[in-house]
Structure formats: structure tokens, C-alpha cells
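Step one of this worksheet: look at the structure below.
Since every read-out is calculated from the coordinates, none of them should be taken as a lab result. All figures in this text were calculated on a predicted structure; none of them were measured in a lab. No Cβ is skipped: glycine too gets one built from the backbone with ideal geometry, and neighbour counts run over all protein chains shown.
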């Protein structure tokens, strides 16, 4: 499985030869450094640990700097470290760079990120409740209405849809098509929208439910 860490740049449009417009999200993916490789013999699973970005060494713990030393990134530790599942027989050199060249146009990917936080919201916005009537004595336009029982069991069931914190949760958007690959600037133009704000950290990996291009 191929994968990269990047950040969301923003959205734009692409036009084809016939003039058809396609909304795309621009992601600056990589270059990512191979920090470590997990193997079946040593760790019990096969995965590749990669790092993205840079941090000042004084702001990183000794444990992280020691972990990044074998890949040569102890002087400038990566800002984000994540793992991607790989095949058992795959081998990567520690300290090598992964770029957008591993992805191709028309390929399908899954994008993982954190959605925008909306703060405390009511049920009308959070769960698309219809609300009550606005006239003829209605006094609960945006309220959820009754959600409890009588004397027994005298409680509100778990997972009842109530007002609360909205957004700021992990989200994966699957089967997004790669429309363009810019190798010079390490940019991926992916069809559609992806979670998170501009500048948010994203994980781009091979689509699990689509065949590889």
C-alpha cells in the first residue's frame, strides 16, 4: 500500500479538453522520510513509519530524537510521524524520501484527516432535526423535543441525539480520484473535497475498495 503525509492547500478547478470543470483539492504531499520499518518478525505486523515536516530539536523529547537518529532526522525531527501498511516482502531504506511520484493520474486514494471543529451546536445543525413549528403556539422551534421515558426506566438512553460538540473528529473519505500529479512542487490534485481546514494534516493512501490503476 502506498501512502504519504501532507497538508491541505485549498480547493480549485481543473478543465479538460472539452471544457468540463472538475472541483479538486490541492494537497502538498511529502516529501516524507522513512523513519522505521515494522516487520512481522520484530513487531508482529508489516508497516512503514514515515515522517513529514520539520520541528526544532529543542522542542522534541529525547525519546523521539533517539528514535529518529537511525534515519538521520535527529537534528531536524519530523513534525508528524505516521505508519502505513505495506506488503511483507517490501523493503525500504531508512532515511530515504517518498514523494508524489508513487501516485499516478486516474488512481483512486483514501484521504484521512480531522474535520473542522464547529463548537457546541444544537440538534438542528448537528443532526439536521426539523425542529418545531414557528407559529400557532409553537415554542420549541429548534429544540429536540422529548427524549426520555416515564417513571421507569427514568433515564435517557445512550447514544440519544442531543446537543453537543460538533466536528473535530477523525474522518476518512474513500475512493477519491487523482486528477493531476505535480512532481516539481509535490502536489496532488484530488477530485472532490477532503476533511479539515486549509493547512490541516492529511494522510493519503491507496484506496482499499478500488483496484490500483
Name the residue, out of 99, 22, 33, whose mean-square fluctuation peaks in a Gaussian network model built on the chain with Cα pairs under 10 Å.
22
Ranked by GNM mean-square fluctuation in the chain (Cα springs under 10 Å), the top entry among 37, 177, 13 is 13
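In deg cm²/dmol and to the nearest 500, what is the mean residue ellipticity at 222 nm of the chain if only DSSP H runs of at least 4 residues count, each as -39500 (n - 2.57), divided by the residue total? Display every interim value, and only then the final one.
On the way: 2 runs with 12 residues, N = 213.
It comes out at -1500 deg cm²/dmol, rounded to the nearest 500.
What shape does the range 1-92 have by the C-alpha gyration tensor, where a ≥ b ≥ c are the square roots of the eigenvalues, rounded means a/c under 1.5, and otherwise prolate means a/b greater than b/c and oblate the rest? Intermediate results must be reported in sequence, preceding the final value.
Details: a/c = 3.92, a/b = 1.63, b/c = 2.40.
Verdict is oblate for the range 1-92.
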Under a GNM of the chain (C-alpha, springs under 10 Å), which listed residue has the highest mean-square fluctuation: 20, 91, 118?
20
Residues 188, 98, sorted so that the one with the fewest Cβ neighbours within 10 Å comes first
98, 188
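Normalised by the number of residues in the chain, what is the relative contact order in percent for Cα pairs under 8 Å and 6+ residues apart?
Details: 477 pairs, mean separation 62.5, N = 213.
About 29 percent, as a whole number.
Calculate the translational D of the range 104-209 in whole µm² s⁻¹ from Stokes-Einstein, where the hydrodynamic radius comes from the Kirkwood formula applied to all Cα pairs, the temperature is 37 °C and the viscosity 0.692 mPa s.
On the way: Rh = 17.4 Å.
It diffuses with D of about 189 µm²/s by this estimate.
Taking a temperature of 25 °C and a viscosity of 0.890 mPa s, what whole-number D in µm²/s does Stokes-Einstein yield for the chain with Rh from Kirkwood over alpha carbon pairs?
Details: Rh = 20.4 Å.
In µm²/s, the coefficient rounds to 120.
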Take every Cα pair under 8 Å in the range 122-174 that's 6+ residues apart, average their separations, divide by the length, and report that relative contact order as a whole percent.
31 percent
Packing-based exposure ordering (other Cβ within 10 Å, fewest first) of 15, 127, 112, 52
15, 127, 112, 52
How big is the gap, in Å, between the Cα center of the range 55-71 and the Cα center of the range 85-151?
33 Å
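Exposure proxy check: 103, 120 ranked by fewest other beta carbons within 10 Å?
On the way: 103 22, 120 9.
Starting with the residue having the fewest Cβ neighbours, the order is 120, 103.
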Relative contact order, percent, of the range 103-212 when contacts are C-alpha pairs under 8 Å separated by at least 6 residues?
45 percent
